[in-house]
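Rule-based calculations on the coordinates, nothing more; no lab input. What you see is a predicted model; the values in this text were computed from it and never measured. All Cβ positions, glycine included, derive from the backbone under ideal geometry; neighbour counts span all protein chains shown.
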Amino acid sequence: MAKGVRRVRSRLGGRLEPLSRVRLVLHQGRGELSTISQVDTVNAHPSLRERRPSLERAVQACEAVLRLFDSTEPNPPAYNLLCNELALLDIHPAAAGRAQALAFRVKLLLAAGFTPELSACATCGETDHLGAFSPSAGGVVCSSCEAGSFPLSGEAHTFMVDALARPLADAPQAGERALSQADRALAETLEHHAHVRLRRVRAA
């Protein structure tokens with residue numbers, strides 16, 4: 001709780017803006033809420049606010065983190081990932097692309113413990129003929145285990161593998177069809193296993 005932050009003379013209001021990275025000093029009260037007594041701005045991300053695509057991607061990234069991590073328990077990997085994403089969106093206009101947003105989401109699933117199985121069939125362990133994705137099984141599946149799955153192209157499969165392996169600043173690229181398949185795979189994995197529905201990642 002930040003008392004009086006919208007007052008004209010408030011020392012806190014200008015620093016507690018959405019999408020800003022700040023360092024807080026909190027005073028623990030008697031209830032569950034804490035009072036903010038000091039705010040230091042680490043990164044205000046001013047440039048991303050001036051570009052609508054970057055702003056929309058930043059809001060979507062924050063929403064995804066809030067939906068997946070709704071407890072008060074800290075998650076340093078998720079926090080650092082979000083900080084990196086906001087910094088990239090602030091510095092590089094191209095970071096607002098769909099591939100970058102999906103690469104962030106792939107890594108977010110890793111931080112949340114819901115990474116899809118991508119190296120072998122999630123049902124039987126087969127490593128060949130992995131041409132489909134099963135949300136209920138939690139990953140790619142082979143031709144013998146395709147019940148309840150949808151087609152996943154090699155390009156979409158490679159995109160997700162590379163997105164996990166590469167730094168966020170070096171996110172892989174893929175065609176729109178492959179990105180749509182990857183988006184569906186990630187969204188339906190979360191719906192099935194985390195019971196969380198996130199906004200789909202559309203083209204900017």
Just to confirm my numbers, what's the Cα centroid distance between the range 65-87 and the range 29-43 in Å? 18 Å
Convex hull (Cα only) mean projected area of the range 121-204, reported in nm² to one decimal: 5.8 nm²
Taking 0.36 nm per intervening residue step and subtracting the Cα-Cα distance, what contour gain separates Ala169 from Arg202 on full extension? 9.9 nm
Using R₀ = 45 Å, calculate the FRET efficiency as 1/(1 + (r/R₀)^6) where r is the Cβ-Cβ separation of Asp162 and Val42; round to 0.05. 0.90
What residue among Ser34, Ser134, Ser153 has the largest mean-square fluctuation in a Gaussian network model of the chain, using Cα springs under 10 Å? Ser34
Over the chain, one equal point on each Cα, no solvent: what is log10 I(q)/I(0) by the Debye formula at q = 0.08, 0.09, 0.18 Å⁻¹? -0.33, -0.41, -1.21
Under 5 Å from the placed amide H of Glu117, counting only residues 5+ away or on other chains, we find Gly139, Val140
Acute angle (nearest 10 degrees) that the helix 52-68 long axis makes with the longest principal axis of the chain, alpha-carbon atoms: 80 degrees
Please state the charge dipole magnitude for the chain, taken about the Cα centre, from unit charges on C-beta atoms (+1 on K and R, -1 on D and E), reported in debye and rounded to the nearest 20. 1440 debye
Expressed as a rounded percentage, what relative contact order does the chain have, with Cα pairs under 8 Å and six or more residues apart? 16 percent
Label-to-label distance, nm, for residues given as Ser119 and His195 (7 Å Cα→Cβ offset): 3.1 nm
Would you mind putting 187-193, 41-47, 67-73 in packing order, based on average other-beta-carbon counts within 10 Å, highest first? 187-193, 41-47, 67-73
Once fully extended, how much extra length lies between Ser71 and Leu33, figured as 0.36 nm per residue of separation less the alpha-carbon to alpha-carbon distance? 12.3 nm
By counting other Cβ atoms within 10 Å of each Cβ, how are Asp128, Asp90 ranked from fewest to most? Asp128, Asp90
